[in-house]
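Okay, structure first, notes after.
The values are calculated or read from the model by the stated rules, or taken from the named source; none is laboratory data. Please read all numbers here as calculations on a predicted model, not as lab measurements. Cβ placement follows ideal geometry from the backbone for every residue including glycine, while neighbour counts extend to all protein chains displayed.
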Ligand SMILES: [Mg+2]
């Protein structure tokens, strides 16, 4: 038998083996399909990928450069809520917590693994477990800001009764804790603080010059993000010059106002109804029929 012939027959016997195996495996696979989950790729990216980590590091590396610029330029402010004679106020930065400073991908991948949806109950258990990790670059950046005399505030929609476990989790990760100032501004900590964050930025802006904002969600920067797709597109056009300058956006394909805008933020809809609205919001190109 020639070398060539022998290699070919080897290939054929491998192939026929594969065919036999797939025939044997076929019915078993069909009976036990791997469950589909709309979060899978997003959360695989958030929890496992180098691409996500590199992206976060790049945002915080740019932020360090921007912070130095902002400190040198007294008229610099990131907050549309900042008014009056703010130039001489002490500087502050504001970070959202979840998926901006703190990484909750273990909670999110838990939803994928168990085939469950987000619920306030399981989320609360996660918060109280104090298992969030740090988003790459966030601890280093906030410690740098703190070392420059910049007050680091956390404006989060975790609730007021979750403040203590949240603080312990953040402190264990190495985030600056604010000294004698309450730098953790939770949703409903004051009656007028709803989930929209503008009121809390205005509160900080009374005593500080807010030089940078950080978020993973458009609504960490402007309340206009809570509208529908068209309002968000308009708000984006109006805000463009902020991004990469004084507004720092972290990536989060897992959840956020981007995901709920197509279905009008109506969380009562079923998963199928939400998915249909989201598919309907796309602008696809399809190949012409052959
Ligand atoms: Mg967030």
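Tabulated data for the structure shown
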read-out: Total residues in segment 142-157, condition within 16 Å of the ligand (Cβ to nearest atom) and assigned to a helix (DSSP H, G or I); value: 1
read-out: Single unsatisfied condition, residue 191 versus (1) in contact with a helix residue (DSSP H, G or I) (Cβ under 8 Å, 6 or more places away or on another chain); (2) outside any helix (DSSP H, G or I); (3) surrounded by fewer than 20 Cβ atoms within 10 Å (Cβ to Cβ); value: (1)
read-out: Residues of segment 158-183 classified as without any contact (Cβ under 8 Å) to a residue 60 or more places away in the chain and assigned to a strand (DSSP E or B), total; value: 1
read-out: Test: residue in segment 199-214 that is assigned to a strand (DSSP E or B), over 30 Å from residue 281 (Cβ atoms), within 16 Å of the ligand (Cβ to nearest atom) and modelled with pLDDT of 95 or more; value: yes
read-out: Single residue of segment 256-266 satisfying the filter (in contact with a helix residue (DSSP H, G or I) (Cβ under 7 Å, 6 or more places away or on another chain) and more than 16 Å from the ligand (Cβ to nearest atom)) that is nearest to residue 137 (Cα to Cα); value: 262
read-out: Selection count where residues are within 16 Å of the ligand (Cβ to nearest atom) and under 21 Å from residue 201 (Cα atoms), scope segment 89-139; value: 11
read-out: Residue in segment 237-245 that is at pLDDT 95 or above and over 24 Å from residue 137 (Cβ atoms) present; value: yes
read-out: Any helices (runs of 4 or more DSSP H) falling wholly within segment 1-82 and containing at least 3 residues that are at pLDDT 95 or above; value: 40-48, 50-72
read-out: Scan of segment 237-255 for residues that are surrounded by 15 or more Cβ atoms within 10 Å (Cβ to Cβ) and either closer than 21 Å to residue 93 by Cβ or away from the ligand (no atom under 16 Å from the Cβ) (or both), ordered by number; value: 239, 242, 245, 246, 247, 248, 249, 250, 251, 252
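Residue-wise test of (1) at pLDDT 95 or above; (2) surrounded by fewer than 19 Cβ atoms within 10 Å (Cβ to Cβ).
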residue	(1), (2)
186	yes, no
195	no, yes
230	no, yes
275	yes, yes
